[in-house]
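In what follows, a single structure is set out as structure tokens and then discussed.
What follows draws every value from the coordinates through simple rules; no lab data is involved. Nothing here was measured: the structure is a model prediction, and the numbers come from that model. Quick reminder, even Gly has a Cβ in these numbers, built from the backbone with ideal geometry, and neighbours come from all protein chains shown.
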């Protein structure tokens, strides 16, 4: 959950960097976000999670592709889409964790 929250925080920073024309800072933020998504992908256990885990990996990969696109075209709406997806996923994980306690 810590990595997901960190990802969401960095996405918000990247969004602000685009809005304010801070291109070097935007590049650093989006690079960090893409690295965090790669970490999430590498942490998946496909043998244990099966098809659902593979789909989650594809979602993370798709988000990284979107962030690369957002970086090129300087479009915050693409970042907003990723923020929405990652927020929904984080909230779902929090509900699952709450059920297991």
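Structure remark: mean-square fluctuation, Gaussian network model of the chain, C-alpha springs under 10 Å; the largest value among 74, 37, 48 belongs to 48.
For the chain, the mean residue ellipticity at 222 nm estimated from helices alone is -31500 deg cm²/dmol, where every DSSP H run of n ≥ 4 contributes -39500 (n - 2.57) and the total is divided by all residues, rounded to the nearest 500. When you count the other C-beta atoms within 10 angstrom of each residue and take the mean per peptide, 50-59, 22-31, 1-10 line up highest first as 22-31, 1-10, 50-59. Here the extension length gained between residue 55 and residue 31 equals 6.4 nm, from 0.36 nm per residue of separation less the Cα-Cα distance.
Potential lengthening of the chain between residue 99 and residue 2 amounts to 33.0 nm, from the contour at 0.36 nm per residue minus the alpha-carbon distance.
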